[in-house]
Amino acid sequence: MFQYNVQLILVARTKEKLSELENESREFAAKVTTISCDFYSEESVTALCNQVKSIPIDYFVSNAGKSIMRSFEASAGRFHDYKRTIAVNYLAPVQLISALTESFGAAQTHIVNVGTYNVLMKAAPKWSAYVASKKAMHSWIESNVPEMAMMNITVSNIYLPLVESRMKDANENYKDTPAMSMNTAVGIIVKGLLNRKYHFKPWWHVPFQIILFLASPFWNVVWKRRIGQENRTLC
């Protein structure tokens, strides 16, 4: 987006990464403002809301993503994992959109909600914190779309599969798993910005849902066997 003559407000937690992006943007036409925000903190998000609420925002991209993969047993005594995951993936974007609703309506803002394909399928073991938070955001958006439309706020939902990224690289289980390229994912998000009626699900969505439906009676049996095999391997 840097090559276009637009004003971009980039919000993230890591100041160093934001500084890199700001320096990179200076070679292009876009005017870039970076804001560091700790999405774990309600006070930090409130400060962000106050900082941007007077700015007319044409497009709002919600791409918050904290991923965590941990078994139910290993999660015992780690309630903070759930709190932190839901803070970033659900509470922070809800707080931000809610606080800016009036200005969004005035600017006829288009929201691009970048979710995960996992919200459209049965939740696999070890992903309870991540999938629960993403499904919460998915449900919140879906529930509010009709009222948002009445306020001239539009929404594009993007359900991405696994993407080549640092998040994937950090998980050894997905080391050799095929994934969508970062450039393809970015292109899909840009389509969501350019077309207010655009929504994305992978091309294999329908056949995969049919397979899941047919396999649903065996879901728990298969996972119990797989988890048992993994535990025996670790022993």
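Quick check on Ile158: is it part of a loop (DSSP other than H, G, I, E, B), open to solvent by less than 40 Å² (accessible area, probe 1.4 Å), closer than 23 Å to Ala12 by Cβ and in contact with a helix residue (DSSP H, G or I) (Cβ under 7 Å, 6 or more places away or on another chain)?
Criteria not met by Ile158.
Looking only at residues in segment 128-154 that are aliphatic (A, V, I, L, M) and without any contact (Cβ under 8 Å) to a residue 24 or more places away in the chain, the one that is nearest to Thr85 (Cα to Cα) is Val131.
What do you reckon, is Met69 modelled with pLDDT under 95, under 21 Å from the mean Cα position of the chain (by Cα), over 27 Å from Ser133 (Cα atoms) and open to solvent by 60 Å² or more (accessible area, probe 1.4 Å)? Break it down into steps so the answer makes sense when it comes.
On the way: modelled with pLDDT under 95: yes; under 21 Å from the mean Cα position of the chain (by Cα): yes; over 27 Å from Ser133 (Cα atoms): no; open to solvent by 60 Å² or more (accessible area, probe 1.4 Å): yes.
The answer is no for Met69.
Cβ separations smaller than 8 Å between residues 6+ apart or across chains give the following pairs from segment 200-227 residues that are under 14 Å from Leu120 (Cα atoms) to residues that are at pLDDT 90 or above and charged (D, E, K, R): Phe200/Lys191. Candidates are the residues of segment 161-199 that are part of a helix (DSSP H, G or I) and in contact (Cβ under 8 Å) with a residue 60 or more places away in the chain; the one that is surrounded by the fewest Cβ atoms within 10 Å (Cβ to Cβ) is Asn173. The residues listed here are Ala76, Ala92, Ala149; of these, the one that is open to solvent by less than 70 Å² (accessible area, probe 1.4 Å) and over 12 Å from the mean Cα position of the chain (by Cα) is Ala149. For Ile86, the test of being touching a helix residue (DSSP H, G or I) at 6+ places or on another chain (Cβ under 8 Å), loosely packed, with under 14 Cβ neighbours inside 10 Å and β-branched (Val, Ile, Thr) is failed.
Looking at Val52, Val32, just one residue is more than 19 Å from Leu96 (Cα to Cα), at pLDDT 90 or above and buried (at least 17 other Cβ atoms within 10 Å of the Cβ), and that residue is Val32.
Restricting attention to segment 6-28 and to residues that are assigned to a loop (DSSP other than H, G, I, E, B) and at pLDDT 85 or above, the residue that is nearest to Pro93 (Cα to Cα) turns out to be Arg13.
The values are calculated or read from the model by the stated rules, or taken from the named source; none is laboratory data. Just so it is clear, the structure is predicted and the values come from calculations on it, not from any experiment. Virtual Cβ from ideal backbone geometry, glycine too; neighbours counted across all protein chains shown. To get the accessible areas, we keep the full protein, side chains included, count just its heavy atoms, and leave off ligands, DNA and RNA. Shrake-Rupley method; radii C 1.70, N 1.55, O 1.52, S 1.80 Å.
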